[in-house]
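K.L.:
Pasting in a structure now, in structure tokens, and then I'll have a few things to ask.
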Amino acid sequence: MIALRTLCPLLVVAGLALIPAFTSANTTLNFLVFALIVALSAQGWNILAGYGGQFSFGHAAFFGLGAYGTALAQARFGINPWVAFAAGIGLAALAGTVIGYLSFRAGLRGSYFTLVTLAFAEVFRILFNAASFTGGAAGVLVKLDVRPENFQFASRSVFYWVVLGIVALVLLLTMRLERSRFGAWLIAIRENEAAAKALGVDVLMVKLQAIALSAAITGAAGGLYVQYFLYLDANIGFGPWISVETLMAAIIGGAGTALGPVLGALALHGLGQLTKGIAGGTPGIDLVLFGALLILAVAFMRDGIIGRLRRLLVWGRR
Amino acid sequence: MLSPDIILAAVLNGLMNGAIYALIALGLTLVYGVLHIINFAHGATLTAAMFVVFIAFTVFGIDPFVMIPAMALGFFGVGYALQRFVVGPAAQGSDNNVLLITLGLSIMIENGLLAVFHSDTRSIDVPYGFSSFDLGFTFLSVPKVAGFGVSLAVALVLWVILIRTDTGKAIRAVARERMGAELAGIDVEHIFAVTFGLGAATVAIAACLLMPTFYVSPRIGNAFVLVAFTIVVLGGMGSIPGAVTGALIVGIIESVSGLFLDESLGQLGIFILFILVLLLRPTGLFGART
């Protein structure tokens with residue numbers, strides 16, 4: 001029999017994959033693509049913070065670099081978009097490693113690490129908003145040229161499946177990580193860094209690998225964003241809101257669980273859409289709800305939605 | 001070429017902005033020193049306070065400077081209640097949870113204000129808004145000089161509260177050794193809430209001082225609070241003299257670099273300073289080695 005922990009992710013991914021078969025409405029697909037991009041970004045955050053306990057408030061830095069890397073490699077150097085996407089991911093991973101090396105080596109932990117990530121994201125935002133190479137405040141456009149080899153598809157469904165495929169891949173990777181030696185080291189660092197070190201875990205190395213992987217995944221989310229919307233400016237790519245939404249999706253879904261960020265992103269965006277529908281044109285109402293949800297999730301739902309579901313299932317079987 | 005007069009004027013101006021930054025940073029550093037957490041709702045609290053001052057002036061015609069005692073008391077109560085009944089119980093003793101809860105609070109406050117007031121910027125028109133002292137080589141705005149004086153006075157009062165009163169002693173005891181303070185009979189939860197309340201009171205006063213010369217919009221608090229983070233880190237997290245000195249230094253740096261740098265890059269200097277201090281000397285100029 002397949003274990004529940006394998007079955008659940010499989011069902012979620014299969015269910016999501018079937019949606020375009022039932023609806024081809026642009027609004028629905030736009031909504032789903034964006035929700036999945038946030039899910040991917042949150043999956044990245046989850047590796048570093050959920051499993052490793054290093055709370056970044058500045059993952060927008062990696063999202064933005066992934067997005068700008070993808071966009072600029074095409075727009076400035078005429079590189080093939082698929083290769084540009086890979087370059088964007090590489091750039092984000094590199095930045096993650098450098099930021100990680102600087103801050104972890106300086107011994108920054110807890111609140112200090114949180115603050116320094118926030119500051120790096122802001123520095124990138126200001127620099128990319130000012131430099132002419134990045135298009136400055138006017139932003140950068142990706143040329144519309146709909147061909148699969150250009151990473152642009154005539155059908156939104158196809159793009160949706162590509163994003164879903166990447167999300168599923170990262171889901172698989174995270175589940176493997178949970179059971180790997182590296183994952184065990186990472187969790188040990190989260191639970192007690194000093195003890196992990198005393199037991200021979202190479203703390204700096206593990207943290208560096210975690211932030212590089214985390215940044216790469218969130219960078220991929222940025223690359224997908226720009227490939228879908230074909231436009232980017234610094235306030236989108238490096239905006240504080242990206243950092244916040246990323247961590248919120250992971251926390252509400254369940255930080256430190258493989259499926260949590262995906263469920264969190266879908267729940268958050270579904271709810272946001274719903275409140276926008278009810279409250280109409282009042283700006284910010286959906287975000288007030290997000291803030292309240294974040295507090296409630298922290299206060300009452302350890303391990304988020306996943307934790308709730310898990311306890312329900314275990315309780316039901318007894 | 002820039003004459004010394006212009007630079008001196010920039011320094012004076014920077015000192016006056018720095019004094020208000022100091023007030024905002026004091027609340028952050030106090031909460032950090034005692035609770036060992038960063039209050040991410042600090043900026044949103046400032047914004048909310050600025051809106052209260054704005055409404056008091058436009059609807060009831062009350063001068064911002066007159067509002068200071070009422071604002072300080074009122075926001076002390078709000079801060080006390082928030083920590084005692086929301087942040088404290090919800091965090092269940094985890095520092096990372098406090099970060100998330102105060103972040104959630106700040107999102108709620110900021111967007112609640114956005115829903116009510118929309119994103120327009122608003123300012124008030126006090127009769128003395130443009131009056132100034134003539135120093136010969138430059139003019140000093142009267143409300144800014146008053147703000148400078150009040151800021152330093154508040155910092156002094158806070159210092160005296162911490163050093164001379166029993167509550168202040170208890171706050172310092174909890175900051176130093178939580179468990180020991182608890183064993184000595186100090187109600188730690190109460191002290192945490194008092195500290196949070198003091199932090200809210202200082203930003204409420206800062207709001208009164210800012211409104212005569214500045215504008216308010218639902219996201220304005222963020223700009224100030226990022227500067228305040230820099231100051232707190234520069235001065236050493238938890239250190240009050242550090243926060244005041246750091247704030248004056250940052251105020252001057254910002255004002256003087258504004259003469260040389262492009263406007264859009266003005267804040268960059270502050271963030272780079274912030275990152276450098278964090279990486280090279282995370283305990284700041286005055287912070288104790290942890």
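K.L.:
Would you pick out the residues in region B:217-273 that are assigned to a loop (DSSP other than H, G, I, E, B) and within 21 Å of B:LEU156 (Cα to Cα)? Give the steps one after another, and end with the answer.
P.N.:
Step one: filter region B:217-273 for residues assigned to a loop (DSSP other than H, G, I, E, B), giving B:217-219, B:236-239, B:261-262.
Residues satisfying the conditions are B:GLY236, B:MET237, B:GLY238, B:SER239.
K.L.:
Let me ask something additional. Give just the number: which of (1) part of a helix (DSSP H, G or I); (2) within 11 Å of another protein chain (Cβ to nearest Cβ); (3) surrounded by 20 or more Cβ atoms within 10 Å (Cβ to Cβ) does B:ILE37 not satisfy?
P.N.:
Among (1) part of a helix (DSSP H, G or I); (2) within 11 Å of another protein chain (Cβ to nearest Cβ); (3) surrounded by 20 or more Cβ atoms within 10 Å (Cβ to Cβ), B:ILE37 violates only (1).
K.L.:
On to the next question. Can you tell me which of (1) touching an Asp or Glu at 6+ places or on another chain (Cβ under 8 Å); (2) within 14 Å of chain B (Cβ to nearest Cβ); (3) closer than 24 Å to B:ASP95 by Cα; (4) of a type in the set (A, V, I, L, M) is the one A:ALA297 doesn't meet?
P.N.:
(1) is the only condition that A:ALA297 fails.
K.L.:
Picking from B:LEU46, B:LEU26, which residue would you name as being under 17 Å from B:LEU162 (Cβ atoms), outside any loop (DSSP other than H, G, I, E, B), at pLDDT 90 or above and out of contact with any His (no Cβ under 6 Å at 6 or more places or on another chain)?
P.N.:
B:LEU26
K.L.:
Examine region A:88-95 for a residue that is modelled with pLDDT of 95 or more, assigned to a helix (DSSP H, G or I) and within 14 Å of chain B (Cβ to nearest Cβ), and state whether such a residue exists.
P.N.:
Checking region A:88-95: at least one residue is modelled with pLDDT of 95 or more, assigned to a helix (DSSP H, G or I) and within 14 Å of chain B (Cβ to nearest Cβ).
K.L.:
Answer yes or no as to whether B:ILE161 is surrounded by 13 or more Cβ atoms within 10 Å (Cβ to Cβ) and either modelled with pLDDT of 90 or more or among the polar types (S, T, N, Q) (or both).
P.N.:
Here the answer is yes, as B:ILE161 does meet what is asked.
K.L.:
Continuing with this model, one more query. Quick check on this structure: which one of B:VAL157, B:VAL150, B:VAL116, B:VAL145 is farther than 30 Å from A:PHE55 by Cα, among the aliphatic types (A, V, I, L, M), part of a helix (DSSP H, G or I) and more than 23 Å from the chain's Cα centre (by Cα)?
P.N.:
Every option except B:VAL116 fails the conditions.
K.L.:
A follow-up question, please. Looking at region A:96-116, which of its residues are of a type outside the set (A, V, I, L, M, F, W, C), more than 10 Å from chain B (Cβ to nearest Cβ) and under 22 Å from B:MET237 (Cα atoms)? Steps first, please.
P.N.:
Step one: filter region A:96-116 for residues of a type outside the set (A, V, I, L, M, F, W, C), giving A:96-97, A:100-101, A:103, A:105, A:107, A:109-112, A:114.
Checking the rest, the ones that are also more than 10 Å from chain B (Cβ to nearest Cβ) come to A:96-97, A:100-101.
Once the filter is applied, which keeps residues that are of a type outside the set (A, V, I, L, M, F, W, C), more than 10 Å from chain B (Cβ to nearest Cβ) and under 22 Å from B:MET237 (Cα atoms), region A:96-116 yields only A:GLY100.
K.L.:
Something else: Could you please tell me which pairs satisfy a Cβ distance under 9 Å, a separation of 6+ or placement on different chains, a first residue in region A:261-289 that is facing chain B (nearest Cβ under 9 Å), and a second residue that is assigned to a loop (DSSP other than H, G, I, E, B) and buried (at least 17 other Cβ atoms within 10 Å of the Cβ)?
P.N.:
Here the result reads A:GLY284/B:PRO218, each pair linking region A:261-289 to a residue that is assigned to a loop (DSSP other than H, G, I, E, B) and buried (at least 17 other Cβ atoms within 10 Å of the Cβ).
K.L.:
Something else about it: Name the residues in region B:55-89 that are within 14 Å of chain A (Cβ to nearest Cβ) and surrounded by 20 or more Cβ atoms within 10 Å (Cβ to Cβ), would you? Talk me through it step by step, then tell me what you get.
P.N.:
If we filter region B:55-89 for residues that are within 14 Å of chain A (Cβ to nearest Cβ), which is where we start, we get B:82-83, B:85-89.
Once the filter is applied, which keeps residues that are within 14 Å of chain A (Cβ to nearest Cβ) and surrounded by 20 or more Cβ atoms within 10 Å (Cβ to Cβ), region B:55-89 yields B:LEU82, B:GLN83, B:VAL87.
K.L.:
Also, I was wondering about something else. Looking for whichever is small (Gly, Ala, Ser), in a loop (DSSP other than H, G, I, E, B) and away from every other protein chain (no Cβ under 14 Å) here; the options are B:GLY93, B:GLY136. Which one fits?
P.N.:
That would be B:GLY136, the only listed residue that is small (Gly, Ala, Ser), in a loop (DSSP other than H, G, I, E, B) and away from every other protein chain (no Cβ under 14 Å).
K.L.:
For A:GLN43, state whether it is at pLDDT below 95, assigned to a helix (DSSP H, G or I), crowded, with 19+ Cβ neighbours inside 10 Å and more than 14 Å from chain B (Cβ to nearest Cβ).
P.N.:
No: the conditions fail for A:GLN43.
K.L.:
Would you please list the contacts, defined by Cβ atoms under 9 Å and residues six or more apart or on different chains, that run from a residue in region A:179-196 that is at negative phi to a residue that is of a type in the set (Asp, Glu) and not in a helix (DSSP H, G or I)?
P.N.:
Going by the 9 Å Cβ cut-off, the qualifying pairs are A:TRP185/A:ASP202.
Let's see how each residue does on (1) farther than 29 Å from A:LEU204 by Cα; (2) buried (at least 17 other Cβ atoms within 10 Å of the Cβ); (3) of a type outside the set (Val, Ile, Thr):
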{"residue": "A:GLY64", "(1), (2), (3)": "no, yes, yes"}
{"residue": "A:GLY78", "(1), (2), (3)": "yes, no, yes"}
{"residue": "A:ARG125", "(1), (2), (3)": "no, yes, yes"}
{"residue": "A:ASN129", "(1), (2), (3)": "yes, yes, yes"}
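K.L.:
With respect to the numbered conditions (1) assigned to a helix (DSSP H, G or I); (2) surrounded by fewer than 23 Cβ atoms within 10 Å (Cβ to Cβ); (3) within 14 Å of chain B (Cβ to nearest Cβ), which one is the sole condition not fulfilled by A:GLY50?
P.N.:
Condition (2) is where A:GLY50 drops out.
K.L.:
Now, a different point. Going through B:VAL216, B:VAL232 one at a time, which residue ends up being within 11 Å of chain A (Cβ to nearest Cβ), buried (at least 19 other Cβ atoms within 10 Å of the Cβ) and modelled with pLDDT of 85 or more? Step through it out loud before you land on a result.
P.N.:
Working: B:VAL216 fails: within 11 Å of chain A (Cβ to nearest Cβ).
Unique residue meeting the criteria: B:VAL232.
K.L.:
Of the residues in region B:3-39, how many are touching a Phe, Trp or Tyr at 6+ places or on another chain (Cβ under 8 Å), of a type outside the set (A, V, I, L, M) and under 23 Å from B:ALA175 (Cβ atoms)?
P.N.:
So the count comes out to 2.
K.L.:
Looking at (1) in a helix (DSSP H, G or I); (2) within 12 Å of chain B (Cβ to nearest Cβ), can you tell me which one A:ARG302 breaks?
P.N.:
Going through (1) in a helix (DSSP H, G or I); (2) within 12 Å of chain B (Cβ to nearest Cβ) one by one, A:ARG302 breaks only (1).
K.L.:
Could you please find all residues in region A:135-160 being assigned to a helix (DSSP H, G or I), within 25 Å of A:GLY237 (Cβ to Cβ) and touching a helix residue (DSSP H, G or I) at 6+ places or on another chain (Cβ under 7 Å)?
P.N.:
Selection gives A:GLY136, A:ALA137, A:ASN150, A:ARG156, A:PHE159, A:TYR160.
The values are calculated or read from the model by the stated rules, or taken from the named source; none is laboratory data. A quick note: this is a predicted structure, and the numbers were derived from the prediction, not measured. All Cβ positions, glycine included, derive from the backbone under ideal geometry; neighbour counts span all protein chains shown.
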